[in-house]
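Throughout, read-outs are computed from the coordinates displayed, never taken from laboratory work. Owing to the predicted nature of the structure, the values given are computational and were not obtained by experimental measurement. In this analysis, Cβ positions are derived from the backbone assuming ideal geometry, glycine residues included, and neighbour counts consider all displayed protein chains.
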Amino acid sequence: MRAATASPLRLTAAALLTAGLLAQPALAAEKWVIDPGHASITFKADHLGYSVAHGRFHKFDADILFDPEDLSATELTVTIDSASVDTAWPARDTHIRSRDFLNAEAYPKISFVSRSVRKTSDDTADITGDLTMIGQTREVTFTAALNRLAPSPFNPSQIIAGFKVEGVIERALWGMTFGGAAFAEFVPVRIDIEISPAP
């Protein structure tokens, strides 16, 4: 009895299907969202060497594409409401919102758009991107450290990633030269954030 054989047409179709599947790109990074109750953007400003003022931005959001297995696939866009700055002293906040600094009326948004994410150790990475303030864009690099990546103890089906992100802004590069080198020439910035996969 003669054994049955697949037709050349079927073999060709199967080969093409297999080749197509193998050629498919790896799954891209997925959308993650901020937990607003566990996220903050803070900064410090030296005051003539006498003291350090601490401030924060109350209103911000981020679009995040994140792949814990491939950090280089991460994409990040952060948008900050510049008028939401708060240093716990209204007169100073009004000055920071003025044309001497953020010029919040003319430029209501500060934005950061990542260009690359480079893993530097098992739990750290450098995030390089474009920071835009008062209409000017400069490249900056922030250092991100992973605090923890694990299911929530209150909801095991929810994965949470917590990060600390730090960098230093030289404000004169964006045209903020008020006070010169004597007044907060370099401004350390810190972002503490928890994110989870989008529903």
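Remarks
- Using only Cα coordinates, the Kirkwood hydrodynamic radius of segment 59-197 works out to 16.5 Å.
- Estimated [θ] at 222 nm from DSSP helical runs (n ≥ 4, -39500 (n - 2.57)) normalised by residues in the chain, nearest 500: -3500 deg cm²/dmol
- Segment A106-L48, extension gain: residue separation times 0.36 nm, minus the distance between their alpha carbons: 18.1 nm
- Working from label points 7 Å from Cα in the Cα-to-Cβ sense, the A73 to D130 distance is 2.5 nm.
- Put a dot 7 Å past the Cα of S98, heading toward its Cβ, do the same for F154, and the two dots end up 4.3 nm apart.
- Options S114, G135, T124, ranked by Cα towards positive dipole end of segment 107-157, top entry (Cβ charges): G135
- Size-normalised alpha-carbon gyration radius of segment 39-114, reference 2.2 N^0.38 Å: 1.33
- Given their separation in residues at 0.36 nm each and the Cα-Cα distance between them, K31 and A182 gain 50.1 nm when the chain is fully extended.
- Two-site label geometry, V113 and D86: point separation in nm, points 7 Å out along Cα→Cβ: 3.0
- Dipole of segment 34-170 [Lys/Arg +1, Asp/Glu -1 at C-beta], most positive-end residue of L71, T87, N147: T87
- Spatially close lysines, pair count over the chain: Cα under 22 Å, gap of eight or more or interchain: 9
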